[in-house]
Amino acid sequence: MTDPSSARQAPPGCPAHPDAVRLAGLEYQQTPSQMYRALRSEHGTVAPVLLDGDIPAWLVLGYSEVTYVTSHDELFARDSRRWNQWENIPADWPLLPYVGYQPSVLFTEGDEHRRRAGVITQALEGVDQFELARNCQLIADQLIAAFAGSGQAELMTGYAHALPMRAVVQMCGMPTSGEDTRRLVEDLRISLDAAEGDDPVAAYGRVGERLRQLVKDKRESPGPDVTSRMLLHPAGLTDEEIVQDLISVIAAAQQPTANWICNTLRLLLTDERFAVNVSGGRLSVGEALNEALWLDTPTQNFIGRWAVRDTQLGGRQIRAGDCLVLGLAAANTDPQIWPDAHVGAENSAHLSFSNGEHRCPYPAPLLADVMARTAVETLLERLPDLVLSVEPETLTWRPSVWMRGLTALPVRFTPVVQ
């Protein structure tokens, strides 16, 4: 995002405010909290922004405003076919995996949404959390064993991303390793958080193809997994509905959880408040996990909601069909709820899992917590003298306005002989 003082004129005929600001740029990616403060100062709790290709939208920055939008589906709905900008969207637009309508739980509304979300909820409720914790600890031990003897590691790729990936695909009934699974996870990353030169639209298509094969296999031979439970649910979802909802489940579980793990490890390794009792300090781990959700939530911004009719929000006139981007990270650090700029780690009223009917379905946040907590605790128990191998200020964040994750987390420790 450029500095608000250098905002550009919106394209003619667009509903965006004349001083709309591009939702992009290095400054935004590395120090988003500063940009949120600047936007609040300039525009208030709802700011006019420009998405890729200078497509206009509204960024909802206020905690109360995000809560209001997500609690009033009758005003701000999820069906993206309402968007008044479709005529300006090219076929290769990089945000199409986010907004292109699919027969997915993400875009359903009302009774249909409750039906689809109910299937996911019951399928996830079938996951034994104690068994998941044991599996995650086993995965963690295997990953740690691969680098423990060297005395150094890069935790982002070698640990934080790999652990939830293996856990999630195992929950869904896929093999935890192999080229097929690796490609699936890489394509999910590209579709959610594309880097320069990536093709997110093509990657999203490949994800769908792989999961169609999984659904076909599980219909022929069901097992004790999330996919099979969705197939056997009495709601009778079609194979394509299950494919689309599996994409939502896996995407929401893998990359955000990986970033949650790594953001928490960064906090534990760089913040002196945790330094004294990091080793085996489970209370500190719990506090750090929660604080990471407040201050460095893995999903920074979520697109989106679409106005059902003309309305007002945060003093702004919102037109029917306008797109609203939920500024989850900005809302979590809203000075209206933290006036002294101190975030209480014991408070869990953050919006990191969103809010309302379209929030992460229960018990998904609990399962993510099991994965993240087990990953962090196991690593600190196995490598108690773990420290950063670079200066904290040299750590960099991935170039994304949507996800909040480090490019790398290099560490060193006393080598452990297995």
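The values are calculated or read from the model by the stated rules, or taken from the named source; none is laboratory data. All values reported here derive from a predicted model rather than from experimental measurement. FYI the Cβ positions are ideal-geometry reconstructions off the backbone, even for glycines, and counts take in every protein chain you see. Heavy atoms of the whole protein, side chains included, go into the accessibility calculation; ligands, DNA and RNA do not. Shrake-Rupley method; radii C 1.70, N 1.55, O 1.52, S 1.80 Å.
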Amide H partners (placed H, <5 Å) of Met403, local residues excluded: Gln300
Cα pair distances of the chain binned at 10 Å [whole percent]: 4, 22, 32, 26, 13, 2, 0
Solvent exposure of segment 119-197 as accessible area per residue, Å², 1.4 Å probe: 44
Solvent exposure ordering (accessible area, 1.4 Å, most first) of Trp86, Trp260: Trp86, Trp260
Antiparallel bridge percentage (DSSP; both residues within the chain; nearest 5): 80
Fluctuation leader among Gln102, Gln255, Gln142 - the chain, Gaussian network, Cα springs under 10 angstrom: Gln142
Distance histogram for segment 224-327 (every C-alpha pair counted, 10 angstrom bins, percent rounded to whole numbers): 12, 25, 22, 27, 13, 1
Nonlocal amide H pairs with Trp397, under 5 Å, H built at 1.01 Å: Thr407
Value of [θ]222 nm, deg cm²/dmol, for the chain, DSSP H segments ≥ 4, -39500 (n - 2.57) each, nearest 500: -14500 deg cm²/dmol
At least 15 Å along the helix axis (C-alpha) and Kyte average at least -0.5, DSSP helices within the chain: 129-147, 239-270, 282-295, 364-382
With every protein chain in place, segment 44-184: carbon and sulfur % of accessible area (1.4 Å): 50
Estimated vicinal HN-Hα couplings, Hz - segment 72-89 in sequence order (Karplus 6.51, -1.76, 1.60; Gly, Pro = x): 10, 5, 6, 9, 10, 9, 9, 6, 6, 5, 6, 4, 8, 10, 4, 5, 9, 9
Taking the chain and dividing mean pair separation by its residue count, relative contact order in percent (alpha carbons under 8 Å, at least six apart): 24
Karplus-derived HN-Hα couplings along segment 49-57 (A = 6.51, B = -1.76, C = 1.60, θ = phi - 60°), whole Hz, x at Gly and Pro: 9, 10, 7, 3, x, 6, 7, x, 7
Under 14 Å, Cβ to Cβ, from Phe413 - net charge with Lys/Arg +1 and Asp/Glu -1: -1
Length released on extending from Asn84 to Arg219, taking residue separation times 0.36 nm less the Cα-Cα span: 44.7 nm
